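Asks: Below you will find the structure I want to go over with you.
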Amino acid sequence: MTATRSRLGTHLAALTLSLAAAGSVLAATAAPAQAHTGRPADAAVECRGQGTDPDALVRYGSEILIHASPSTVFKTQTDVEQWPSWQDAVATSERLDSGRLRPGSSFRWTTPVAATPVTPATTLTVTSTVQQLQRDKCVRWTGPANSDAINIDEGTHVWTFTKVKGGTLVRTEETWTGDQAEADVDLSTQALGAGLEVWLTDLKAAAEARTSC
């Protein structure tokens, strides 16, 4: 059992390295000026009354102030096919339907996972389905993430976009469920948090670049 847990931990550690490939960017997310909390949100992060999985053992929440309008931030985030253009951790992203993103829309995206001394390099494939969405306000999606080495049975991810002085407060919370993710809750939470902090930083850069154009 100990050996199995060790292998699972190694796989999830590889995911952490992949999502936090730009170490300097990840370190910058801890700066107070970036407005990251790096902790579960104090208040529920919900979209149309629905949040993350309340029973999930693995969860992480954070927030950031982006100097752009909610409309700009929302459009940047929900134009999922453009994710690879501003997220280094996303290799590919494709819509599985057409038209504006809406409840029921699905998309598939991939992120590379670096090799470790005991596991080969692989690619994590995430299939997400939008469950709730409110234009310029929030979006919530769910779905599994799988590769040869890593399997997350169900991820639930919620984003909210609130107009505040100076721009938009973006709050996010995500949960993971599944035997592998729950084999080492602390390590899984670290992996999840590393990915979300980089994502927030990249979203801030991309949305603010749009505003300055």
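The values are calculated or read from the model by the stated rules, or taken from the named source; none is laboratory data. Just so it is clear, the structure is predicted and the values come from calculations on it, not from any experiment. Using ideal geometry, Cβ is built from the backbone for each residue, glycine included, and neighbour counts are taken over all protein chains shown. Just the protein is used for accessible areas: all its heavy atoms, side chains included, with ligands, DNA and RNA removed. Shrake-Rupley method; radii C 1.70, N 1.55, O 1.52, S 1.80 Å.
Asks: Looking only at the stretch 57-75, filter to residues that are under 14 Å from the mean Cα position of the chain (by Cα) and not acidic (Asp, Glu); which one of those is most open to solvent (accessible area, probe 1.4 Å)?
Replies: First, the residues of the stretch 57-75 that are under 14 Å from the mean Cα position of the chain (by Cα): 58-64.
Next, only the ones that are not acidic (Asp, Glu) stay: 58-62, 64.
Working: VAL58: 0, ARG59: 62, TYR60: 31, GLY61: 0, SER62: 3, ILE64: 0 Å².
Result: ARG59.
Asks: Further question: How many of the residues making up the stretch 148-158 are farther than 14 Å from SER106 by Cβ, out of contact with any His (no Cβ under 8 Å at 6 or more places or on another chain) and open to solvent by less than 40 Å² (accessible area, probe 1.4 Å)?
Replies: The initial filter retains those residues of the stretch 148-158 that are farther than 14 Å from SER106 by Cβ, namely 148-154, 156, 158.
Filter once more, so that each one left must be out of contact with any His (no Cβ under 8 Å at 6 or more places or on another chain): 148, 151-154, 156, 158.
Within this subset, residues satisfying the condition of being open to solvent by less than 40 Å² (accessible area, probe 1.4 Å) are 152, 156, 158.
Adding up the residues that qualify gives 3.
Asks: Still on this structure, please answer the following. Looking at the stretch 68-86, is at least one residue closer than 21 Å to GLN134 by Cβ and part of a strand (DSSP E or B)?
Replies: no
Asks: Are any of the residues in the stretch 159-167 surrounded by 21 or more Cβ atoms within 10 Å (Cβ to Cβ) and not in a strand (DSSP E or B)?
Replies: no
Asks: Which residues, taken from the stretch 86-141, are more than 23 Å from ALA209 (Cβ to Cβ) and among the aliphatic types (A, V, I, L, M)?
Replies: Result: LEU96, VAL113, ALA114, ALA115, VAL118, ALA121, LEU124, VAL126, VAL130, LEU133.
Asks: Scanning for something among the charged types (D, E, K, R), more than 27 Å from SER188 (Cα to Cα) and under 15 Å from the mean Cα position of the chain (by Cα), does the stretch 151-161 turn up at least one residue?
Replies: So the first thing to find is which residues in the stretch 151-161 are among the charged types (D, E, K, R), and the list is 153-154.
Applying the additional criterion that residues be more than 27 Å from SER188 (Cα to Cα) yields none.
No, the stretch 151-161 has no match at all.
Asks: Next question, about the same structure. Out of contact with any strand residue (DSSP E or B) (no Cβ under 7 Å at 6 or more places or on another chain) and under 19 Å from GLN77 (Cα atoms): is that true of LYS137 in this structure? Walk me through how you get there before you give the answer.
Replies: Details: out of contact with any strand residue (DSSP E or B) (no Cβ under 7 Å at 6 or more places or on another chain): no; under 19 Å from GLN77 (Cα atoms): yes.
So LYS137 fails the test.
Asks: Taking ALA207, is it closer than 26 Å to PRO144 by Cβ and open to solvent by less than 20 Å² (accessible area, probe 1.4 Å)?
Replies: Details: closer than 26 Å to PRO144 by Cβ: no; open to solvent by less than 20 Å² (accessible area, probe 1.4 Å): yes.
Here the answer is no, as ALA207 does not meet what is asked.
Asks: Also, quick follow-up: Considering each of SER147, SER128 in turn, give the residue that is touching a residue at least 12 places away in the same chain (Cβ under 8 Å) and in contact with a Phe, Trp or Tyr (Cβ under 6 Å, 6 or more places away or on another chain). So that I can check it myself, show each step before the final result.
Replies: Working: SER147 fails: in contact with a Phe, Trp or Tyr (Cβ under 6 Å, 6 or more places away or on another chain).
After ruling out the rest, the residue left standing is SER128.
Asks: Hey, can you tell me all the residues within the stretch 80-125 that are under 17 Å from THR142 (Cα atoms) and free of Cβ contacts under 8 Å to residues at least 12 places away in the same chain?
Replies: Within the stretch 80-125, ASP97 is the sole residue that qualifies.
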